[in-house]
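I have placed the structure first, in the form of C-alpha cells, so that the comments after it can refer back to it.
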Amino acid sequence: MITSKEEYDAAVKAGRQPLMEWELAPRIRREIQEQFFGKGHGPQTNARFYRWCWEHRPHLCEECGRPLRGYSAVYVSHILSRGAYPEMAHDARNVNILCHGCHSTWENGNREGMRIYPKNEKTISKLKKEYLGYE
C-alpha cells in the first residue's frame, strides 16, 4: 500500500502508475488527483483528467478491441457516472477506454451483455467500498 507522496513518486519513477492501481491509500489518491486534475468538475479539470487517461491507457476499445485513432474525450467512459458519483469522477480506476459505439452501449444499452461487465462489476464494488464504505 502506497501511503505517501514520496512512495507514489518512487513507484512512478519505477515505471508504475499507482493512480490506476488499488494499492494507493485513499487520502494520497485524492491529493494526487487534485494536484493533477484540479478541484471540482469544471471543463478544464475534466479535460485534464480525460487527457491523462488517454495518455496512460492503450488506445484500444476495451470492449471490442477496435484501435482508436486520435484523442477524443468520448473514448473515456466512466464506469460509475460522474453525475451520480462526483467523488469518483477523477479516479482513473473508474473509467474504461471505449469506442463511441461501446461507450453508448455502456451508457444506454445492455451492460450485462458486454465483455467488460464482469470486471466492471468488481470495480464498482471496490470503488463503492473505498469511497462510500459499502459494496
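The values are calculated or read from the model by the stated rules, or taken from the named source; none is laboratory data. Keep in mind the model is a prediction, meaning the values are calculated, not measured. We place every Cβ from the backbone using ideal geometry, glycine too, and count neighbours over all the protein chains shown. Surface accessibility is based on the protein's heavy atoms, side chains included, excluding ligands, DNA and RNA. Shrake-Rupley method; radii C 1.70, N 1.55, O 1.52, S 1.80 Å.
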Check your understanding: Before we move on, is ARG115 touching a His at 6+ places or on another chain (Cβ under 9 Å), open to solvent by 70 Å² or more (accessible area, probe 1.4 Å), outside any helix (DSSP H, G or I) and in contact (Cβ under 8 Å) with a residue 24 or more places away in the chain?
Key -> no
Exercise for review: Confirm whether VAL95 is touching a Ser or Thr at 6+ places or on another chain (Cβ under 9 Å), without any contact (Cβ under 8 Å) to a residue 60 or more places away in the chain and open to solvent by less than 60 Å² (accessible area, probe 1.4 Å).
Suggested key: yes
Practice item. Scan region 35-57 residue by residue and report those that are among the charged types (D, E, K, R) and at pLDDT 95 or above. Key: ARG48, ARG51, GLU55, ARG57
Point to revise | Members of region 114-135 found to be more than 13 Å from ILE79 (Cα to Cα) and of a type in the set (D, E, K, R), listed by number | key: ARG115, LYS129, GLU130, GLU135
Check your understanding: Counting residues that are closer than 30 Å to GLY113 by Cα and open to solvent by less than 70 Å² (accessible area, probe 1.4 Å), which helices (runs of 4 or more DSSP H) fully inside region 1-87 reach at least 3?
Key -> 43-56
Revision key, fill the gap. Exactly one of ARG93, ARG66, ARG111, ARG82 is among the charged types (D, E, K, R) and at pLDDT below 95, and that one is ARG82
Practice item. Tell me which residues, restricted to region 89-112, are assigned to a loop (DSSP other than H, G, I, E, B) and polar (S, T, N, Q). Key: ASN110
